[in-house]
Amino acid sequence: MRHSVAQPLDVEMRTPRKRVLSGSVMLLTGLGLVTLINFAYNIAVARFLGPTAFGHTTAVYTLLILISSVTLSFQILTAKIVAQQESQEAQAVVYSGFHWRGWAAGILVGLLLLGFRHTVTDYLNLPDAGLINLLAIGTAFYVPLGARRGYIQGVCNFGLLAQNLVLEGLVRLGGSLLLILLGAGVKGVIAANAAAVAIAYLFAKPKLHASIDSAAEVPVAFRESLQAAVFFAGQVVINNCDIVVVKHFFPSESAGIYAAVAMVGRVVFAFAWAVVSSMFPIVAETRSRTQREDYDVLGTALLLVFAICLVFVVALSLAPGGIWTWLFGSQFGTAGGAGFSYLLVLYAISTGIYALCVVIIAYEMSRKIANTGWVQLVISGAVIAGIYVFHSSLTQVIWVQIVTMIFLLLCVAIPFVANWARRHGDTERLAFPGFIRLRRRASEDEVIAEFLKNDFQCPEFQEYQETVARLVTAPSLQNSDENEVRRALLFVRHGALWRELPESTEWFEAEIGSADLHRIRVFPRAQWRKLAVGDFSITQVAQRIVDERYRDRTPEAFRAKIEDLRDHLQEDDTAVAGAVLLIGLSQSGPFTILDGNHRLLAAMLATPEAVDRLRFFCGLSPRMAQCCWYQTNVSTLLRYARNMVRHFVHDPEQDLVRLLHRSEGS
């Protein structure tokens, strides 16, 4: 368990569900204030400038939000990797790496805006290209702001994150009002937005509690970065493309009215995003929780978001129509023949459906590399195409979004619900015969440590047996550096074996009784194939090894090894037999022994009690049939050959030596 200044012990000991609730309440409180500030900002700008100028300011501000796909990619990626670190030093290294990369990306995007400012101005029918120049300045600060907020989010300092969001909103509101009163008009509002981002960046500087090693690397993979970029690209397009396209197709006044309608969608999504922001680092920070605890976190988040969206839809439906003309002005009473209130309700429904999608996508992203982000990106393109085809009225534009969001929800929810039902069904069947009992979830680091304990005396490890003996015999699973060394050590001998396991493999410590042994198959290799004669069941193999008719099928060295292990277990009834690693599709089996063929067979030949002294770890994945160790066929062997070629030039011993040198230096 981590103990950091930013995340004290009492926070760590709370359940994940309570932490999501408390974090959500804190962020929702802050965002409630931010929403009031932004509401006042939009009303003030709309009343002072009118629909046409309000449409111009909203279009430029929407460009800033579109750019936030880069900002939010940095934020969520920083939050995820920071949350996964075990030490303050590692968290500082992660932040430092993302922060300078954020500056590089922000400056690059700003330069691109400057280069294409005239093209953007013409497309959006803006009165002045200088608006894009101001936007470019704000962008330079906006992207690294994502890295700073990501660090704050990653250490679960939700209070500071909420304060920073409030500060940005206050500067935007106050600066806009001041510059409008001074006669700066639209340009003043955009300048205030740029200033708000810059000031929020300056006040979001995190307090790092450790020195930063400038030579250290940021522990993030390309696929993690790509996943975040794809997710936020799709999210930002879905949330904002309609405003840009409407500004292109509709008259300025209608576009301004639509921008006011879309403001409600932004409010709904902001509240929903507060829940996602609190859920994300809590799910990402550790793999040691049970699947049920993770589903509790997800269920809590979904219920909160659904409740938020429902409240908004009901409130907008019941609100009298006159309130909007009173707030915004008489010009906002109707829009293209449709009532302003009607458009608000439709838009809130569309945003609410999308918010539920985002909860599911973000949950999967926090735990693994998820493909749902790509689905969202494709749907975002469908939204743009749909509006280009159907834009005869503002009502039709919103209905395009409702239909596409329902389709997106089905795309991300149906596979997830099916997977949940399968897992939930497996869990419920634990009390019935035929399903092994899963005692607890085990981390991959723990399983690797058990694998090495049984395998460390092999000749391949001879030159490392003195150097890393303690790391193998007395592993500290909380030490991330030790875990890296053990993984590299395993890959010296078993890299080709371990790489074949699906990425979705989840490990559990399981209880295997004598009634379950017929579900277990020996690893189909070498002398086991001769002894099994096509039937790899461990019970069948145990019968044949004592049958004299099969004696000529087993080499003497192999038989002697089994008998030595059996005799040792019979002579010492307190001896720990070790661990057996199994792989399978589900907890109903069948299972293949990944490691521990000899141990399990010797225990079965010794006494029934010897089997009980074994520890069983099961790696379960619905994609396990793709692994040649579980199911050998042409397809799985081709996959194995492809992986062998891909890693042919990779020397795992170099990785191990590098890690050992690094640990010695530290």
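The values are calculated or read from the model by the stated rules, or taken from the named source; none is laboratory data. Only a predicted model underlies this, so the values are computations on that prediction, with no experimental measurement involved. FYI the Cβ positions are ideal-geometry reconstructions off the backbone, even for glycines, and counts take in every protein chain you see. Just the protein is used for accessible areas: all its heavy atoms, side chains included, with ligands, DNA and RNA removed. Shrake-Rupley method; radii C 1.70, N 1.55, O 1.52, S 1.80 Å.
The alpha carbons of segment 84-141 occupy a box of 52, 15, 14 Å along the principal axes, longest dimension given first. Each of His598, His518 has its accessible area taken with a 1.4 Å probe; listed largest first, they run His518, His598.
These residues, Ile180, Ile132, go from largest to smallest accessible area, 1.4 Å probe, as Ile180, Ile132. Karplus-derived 3J(HN,Hα) values for segment 488-496, using 6.51 cos²θ - 1.76 cosθ + 1.60 with θ = phi - 60°, are 5, 5, 4, 6, 4, 10, 10, x, 5 Hz; glycine and proline are entered as x. Projecting the Cα atoms of Leu208, Gly185, Trp100 onto the charge dipole of segment 97-215 (Cβ charges, centred on the Cα centre) puts Leu208 farthest toward the positive pole.
Solvent-accessible surface (1.4 Å probe) assigned to Met604 amounts to roughly 50 Å². Which pairs, out of Lys80/Lys187; Lys80/Lys205; Lys453/Lys561; Lys80/Lys207, put more than 28 Å between their alpha-carbon atoms? In this structure, Lys80/Lys187 exceed 28 Å between Cα atoms. For segment 468-523, state what percent of all Cα-Cα pairs lands in each successive 10 Å bin, counting from 0 Å until the bin that includes the largest distance. All Cα pairs considered, the percentages come to 17, 35, 34, 14, 0.
Please work out the FRET efficiency for the pair Gln626 and Leu181, using the Cβ-Cβ distance as r and a Förster radius of 45 Å; give the result to the nearest 0.05. Here the calculated transfer efficiency is 0.10. Converting phi to 3J(HN,Hα) with the Karplus coefficients 6.51, -1.76 and 1.60 and the offset θ = phi - 60°, segment 609-618 yields 5, 5, 5, 5, 7, 7, 9, 10, 10, 10 Hz in sequence order, with x at every glycine or proline.
Based on the Cβ-Cβ distance of Phe39 and Phe116, what FRET efficiency does E = 1/(1 + (r/R0)^6) give at R0 = 56 Å, to the nearest 0.05? Write out the running numbers ahead of the final one.
Working: r = 32 Å, r/R0 = 0.57.
Working from the Cβ atoms, E equals 0.95.
Kirkwood hydrodynamic radius for segment 602-661: how many Å is it when counted over pairs of different Cα atoms?
Over segment 602-661, the inverse of the mean reciprocal pair distance is 15.4 Å.
Once backbone amide H atoms are built at 1.01 Å from N, Arg615 has Gly578, Ala579, Val580 as its partners under 5 Å, excluding neighbours fewer than 5 places away on the same chain. A Förster radius of 56 Å, combined with the Cβ-Cβ distance separating Lys453 from Ile406, puts the computed FRET efficiency at roughly 0.60. A cut-off under 13 angstrom between Cβ atoms defines the neighbours of Ala40, and their net charge, with Lys, Arg +1 and Asp, Glu -1, is +2. Our coupling estimate for segment 90-107, obtained by passing each phi through the Karplus curve with A = 6.51, B = -1.76, C = 1.60 and θ = phi - 60°, is 5, 4, 5, 5, 4, 4, 4, x, 6, 5, 5, 5, x, 5, 4, 5, x, 5 Hz, Gly and Pro reported as x. Counted over segment 113-210 with a bin width of 10 Å, the fraction of Cα pairs per bin, in whole percents, is 16, 38, 30, 14, 3. When Arg599, Arg149 are compared by accessible area at a 1.4 angstrom probe, the order from most to least is Arg599, Arg149.
Under a 5 Å amide H cut-off, with hydrogens placed 1.01 Å from N, Arg521 pairs with Ile538, Phe591, Thr592, Ile593 among residues at least 5 apart or on other chains. Kirkwood hydrodynamic radius computed over segment 36-115 comes to 15.3 Å, based on all pairs of distinct alpha carbons.
Ligands, DNA and RNA excluded, the heavy atoms of Asp455 present near 10 Å² of accessible surface to a 1.4 Å solvent probe.
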